[in-house]
Structure formats: C-alpha cells, structure tokens
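Peer 1: Take this structure, written in structure tokens, and hold onto it; I'll ask about it next.
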Amino acid sequence: MKRLFYGLLMLPAMSFAQIGNTMHCGFDFTSYFVVHPHEDGKSKTIDGLRISISDESGKDIVNMNNFLSWQNGNKPLVFSRNYKIDNNNKRIPITEDGKWFYYFADDHYLLSISNTFPAESYFLKIEDVDGEQNGGIFKTQIIPLASYNMYVLCSAEERDKIVQFGRRMNKPIDVVMDKE
C-alpha cells in the first residue's frame, strides 16, 4: 500500500517535469546560412549564382555521412534559392503574391546545416556560372564563415545573444558582387 501511495504522490511531479521537454521547434538541430548577393548600390538578389561551402582554396566541401547537414549526404554543400508558395502551399513564381517558403530568408540563397556546424573551418564560395543569366560577369568570391553567420532558429541561447552587444545573429550574409 505504501508503494501505491508514494507512486501516486510522485506521478504529478514526474508529469510536471515532462511539460518543459514536450515543446519542440520545427527547426530543432538545424541551422541555416542565408546569403544576400547583390551589386553595389542595389538590393536585388542576383540570380543564377552557384553558392557553396568550400575550403580556403575554393574546393567544394562534401557532406560526408550527413556530418555537416541533415540533407544531401555525400554531396557538396550547395545553396538553393528561396521560393514563394500560395495559400495551398504550392510553389509559385517569385513575381506573384504569396509568402516565402522559408520566412526568414526572403529572396535570398540558403543552406540547411546542423547546429554543430564548425563555421570557422569553412568558406563561402560564390560563382557566376550561369552564362545565360548573367553572362559570367561577376568575379568568384571566397569569404570566410563565422558562427555568427548561422541562423539558429530554436535556441534560448540565440535569444540571449540578441540582447547582447556586437554582431547580431540571424542576419543574412551580405555580399557585394564585383564585375570582372
């Protein structure tokens, strides 16, 4: 009888302990890099660029066994362009009214990475490879990454950093592209 009494006494305590752990964010364990490449004096994002994660020499980094990202295992880490969706969650042209699929990325390029991504060890490589779109007129750029470039969307630590001084998190990497 004592066991039953103590068991019933402990049940509410165990239930309350679980309340804080049941809430999850849709972006748990995932962060993003968001890049806004544009020309000097213009805010429009440049189309037709290939943006990837590379080493210092510009060699693309392969996501071996999904170590750096939960997506595209054993493939190079290449950014994609955000897109718009309608009220039925169907993809629509950017020129139409709708909402951005990734609400935090607007009309920019983005890449999903793990929260443990060692940003300081890698670089951002931006190439103008689409001959039709831009005619290859922009110079290739290799830019060092930092942990503050990451969008950490589900962290109390991220909220704490926002109120601190210094570079704010969850801000696109602003890249001014130079013409050749």
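The values are calculated or read from the model by the stated rules, or taken from the named source; none is laboratory data. Note that this is a predicted model, so its numbers are computed, not measured. With ideal geometry, Cβ positions are generated from the backbone for all residues, glycine too; neighbour counts draw on all protein chains shown. Note: areas computed on protein heavy atoms with side chains; ligands, DNA, RNA excluded. Shrake-Rupley method; radii C 1.70, N 1.55, O 1.52, S 1.80 Å.
Peer 1: Sort 152, 62, 175 from largest to smallest accessible area, using a 1.4 Å probe on the heavy atoms of the protein chains.
Peer 2: Most to least solvent-accessible, the answer reads 62, 152, 175.
Peer 1: Additional query: Go through 90/171; 42/75; 42/179; 44/84 and tell me which ones have a Cα-Cα distance over 23 Å in this structure.
Peer 2: Over 23 Å Cα-Cα: 90/171; 42/75.
Peer 1: Here's a follow-up. Sequence-distant or interchain residues sharing an amide H contact under 5 Å with residue 92, placed H: which?
Peer 2: Amide H to amide H, under 5 Å and 5 or more residues apart or across chains, residue 92 pairs with 84, 85, 86.
Peer 1: Amide H neighbours of residue 31 under 5 Å, counting only residues 5+ apart in sequence or on other chains, H built in-plane at 1.01 Å?
Peer 2: 113, 114, 115
Peer 1: For 120, 127, what's the largest-to-smallest order of accessible area, 1.4 Å probe?
Peer 2: Ranking 120, 127 by accessible area, largest first, yields 120, 127.
Peer 1: Let me ask something else. Counting only residues 5 or more places away or on other chains, whose amide H sits under 5 Å from the amide H of residue 122 once H atoms are built in the peptide plane?
Peer 2: 145
Peer 1: Next question. Which trypsin sites (Lys or Arg not before Pro) in segment 52-127 pass both tests, a DSSP loop state and at most 16 other beta-carbon atoms within 10 Å?
Peer 2: 59, 90
Peer 1: If you count only protein heavy atoms and use a 1.4 Å probe, how large is the accessible surface of residue 97, to the nearest 10 Å²?
Peer 2: Its accessible surface works out to 150 Å², give or take rounding.
Peer 1: Work out, step by step, the length gained on full extension between residue 61 and residue 40: first 0.36 nm times the residue separation, then minus their alpha carbon distance; give nm to one decimal.
Peer 2: 4.7 nm
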